[in-house]
Amino acid sequence: MDEQSRFGPATPPLRNSGAILERIARRLAARHGRAFSRETIAAYVEECAELLGARARTSHYLPVLVERFADQRLRALTKASGLCPGPVPHVLFVCTENSGRSQLAAALMRHRAAGSVEVLTAGSAPSGAIAPIVRQLLAEQGLDPGEEFPKPLTCEVVDAADVVVTLGCGDACPVRPGRRYLSWDLPELSGLDIESARSVRDALQDRIGVLVQELVDARPSASATTG
């Protein structure tokens, strides 16, 4: 999948482009205006532009990424604040660059969970793009990262998560009460030969299968919630 099909038509870079950020804020206000003020939404948009702008490799698509990042953070904040409790459990995958293992794990879980789990990703020091090896490993199974991209770790996504899975990011991920934390000690994909990288993917699939089943089994049944 090329950049244009993933991100849409190219737009001007965000430098000195307050009008673009204002349009993004207006669109997000239509989605999140019941939960948050226009000022709060605009502040999130501006902060997301700053966080992503420093490391972006595709500046012409940066407005698209800013809108997606701000939307994800606001949705996470909605759940974390109890304004709209999520109907499904949230799982957050965190690695250092958010370009390798966390993205691979997220795509595998989305496929395996088929909507029964909300999947988030973040990095303690995110890079500018998803690693090509991740795309290759997913393509071998007919999958792709979808609209995902490397993004920094923020408090909202941690607070919204029911399960936080760390993949080699050390102590960078804040510990919040009431969350389940898992540390999956698997090798970094960079520098691995293809067979070793496939072994990491297969190990992730096994662990994800177990975790998804646990989360699905732990959900209350419809009769229990309505009775």
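Where a number appears in this text, it was derived from the coordinates with a stated rule and is not lab data. Note that the structure is predicted; figures quoted are calculated from it, not measured. Because the Cβ atoms are built from the backbone with ideal geometry, glycine has one as well, and the counts that use them run over all protein chains shown.
Full extension of the chain segment joining E188 with E140 gains 15.4 nm, where the gain is 0.36 nm per residue of separation less the Cα-Cα distance. Ordered by the number of other Cβ atoms lying within 10 Å of each residue's own Cβ, fewest first, D202, D217 fall into the sequence D217, D202.
Counted by Cβ distance under 15 Å from L120, the other residues give a net charge of +3, where Lys and Arg count +1 and Asp and Glu count -1. The protection proxy used here, the mean number of other Cβ atoms lying within 10 Å of each residue, ranks peptides 144-150, 206-212 as follows, highest first: 144-150, 206-212.
With coordinates expressed along the principal axes, the C-alpha atoms belonging to segment 43-132 extend over 35, 32, 21 Å, beginning with the largest. Sorting 178-187, 120-129, 62-71 by their mean Cβ neighbour count within 10 Å, with the most densely packed peptide first, gives 62-71, 120-129, 178-187. If a spin label sat at a point 7 angstrom from the Cα of A54 along the line to its beta carbon, the backbone N atoms of segment 91-127 nearer than 20 Å would be those of 94-100, 121-127. Remark: relative contact order (segment 86-218) = 31 percent; criterion is Cα-Cα distance under 8 angstrom and separation of 6 or more residues. Grab the other residues whose beta carbon is less than 11 angstrom from that of G178, score K and R as +1, D and E as -1, and report the net. Net charge in that neighbourhood comes out at +1.
Sorting I194, I24 from the fewest to the most surrounding beta carbons within 10 angstrom yields I194, I24.
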